[in-house]
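Please treat every number below as a calculation from the coordinates, not as lab data. Not measured: the values here are computed from a predicted model. As a convention, Cβ positions derive from the backbone with ideal geometry for all residues, glycine included, and neighbour counts pool all protein chains shown.
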Amino acid sequence: MISIDARSPVPLYDQIKAGFKGLIAKGLLKPGDPAPSVRALADRLRVNPNTVARALRELALEGVLESTRGAGNVVAGEARARAKDGIGAVVLNFEEALAHARRSGMPWKDVDAVVRRLKKEE
């Protein structure tokens, strides 16, 4: 299931893309599986349909989804490899870690300090 965080600094369409890529990388969405319609997903996530349309369009351009006019979107044959090779799963894990930190009461300045420390250790 795709979820988004309206308070996240990550744009909603990127969160939707990361959600799809995460589901594909985990094998929960398989090649040929239909993607939800723009309207259905927008209603479920409570976002503007244009936001969902942008995410799905970008996923199609990246080769993660195949789009057929009038038939909707389906998961592409090579989508799992693309999702694993791409940043989708990484972004999804990072967003989950950030959400956990925020739910635990960690202030943004502390989150930023951790990220800066990790960048220095690189």
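Using a/c under 1.5 as the rounded threshold, could you call segment 1-44 rounded, prolate or oblate? The axes a ≥ b ≥ c are square roots of the C-alpha gyration tensor eigenvalues, and prolate needs a/b larger than b/c, oblate otherwise. Before the final figure, lay out the partial values.
Numbers: a/c = 2.66, a/b = 1.41, b/c = 1.89.
It comes out oblate by the Cα gyration axes.
Want the number for Ser67 to Val115: 0.36 nm per residue separation, take away the alpha-carbon distance, what's left? Walk me through the numbers before you get to the answer.
Values: separation 48, 0.36 × 48 = 17.28 nm, distance 3.70 nm.
Working it through step by step, the gained length comes to 13.6 nm.
What lysines sit close enough to Lys120 to cross-link, taking a C-alpha to C-alpha distance under 23 Å and skipping anything fewer than 8 places away on the same chain?
Lys109
So which residue, out of Arg69, Arg39, Arg57, gets the largest mean-square fluctuation from a GNM of the chain using Cα contacts under 10 Å as springs?
Most flexible of the set in this elastic network: Arg69.
Summing +1 for each Lys or Arg and -1 for each Asp or Glu, what net charge is found among the other residues whose Cβ lies under 9 Å from the Cβ of Val74?
Values: positive: none; negative: Asp33, Glu66.
Within the 9 Å Cβ shell, the charges total -2.
For the chain, modelled as a GNM with alpha-carbon contacts under 10 angstrom, which of Ala55, Ala71, Ala99 fluctuates the most?
The residue with the greatest mean-square fluctuation here is Ala71.
May I ask for the equivalent-ellipsoid semi-axes of the chain, computed as the square root of five times each C-alpha gyration tensor eigenvalue and listed largest first in whole Å?
Working: eigenvalues 161, 57, 23 Å².
They are 28, 17, 11 Å, listed from largest to smallest.
What is the packing order of peptides 21-28, 106-113, taking the mean over residues of other C-beta atoms within 10 Å and listing the highest first? Walk me through the intermediate numbers first.
Values: 21-28: 18.8, 106-113: 11.1.
Highest mean packing first, the order is 21-28, 106-113.
Rounded to the nearest 500, what is the chain's calculated 222 nm mean residue ellipticity when only DSSP H runs of at least 4 contribute -39500 (n - 2.57) each, over all residues?
Working: 6 runs with 72 residues, N = 122.
Mean residue ellipticity at 222 nm (helix-derived): -18500 deg cm²/dmol.
Distances longer than 13 Å among the Cα atoms of segment 24-68: what percent of all pairs is that? Each step should come with its number before you reach the end.
Numbers: 570 of 990 pairs.
So the portion of pairs separated by more than 13 Å is 58 percent.
Take the chain, connect every pair of alpha-carbon atoms lying under 10 Å apart with a spring to form a Gaussian network, then pick out the residue of Ala97, Ala42, Ala18 with the largest mean-square fluctuation.
Fluctuation is largest for Ala97.
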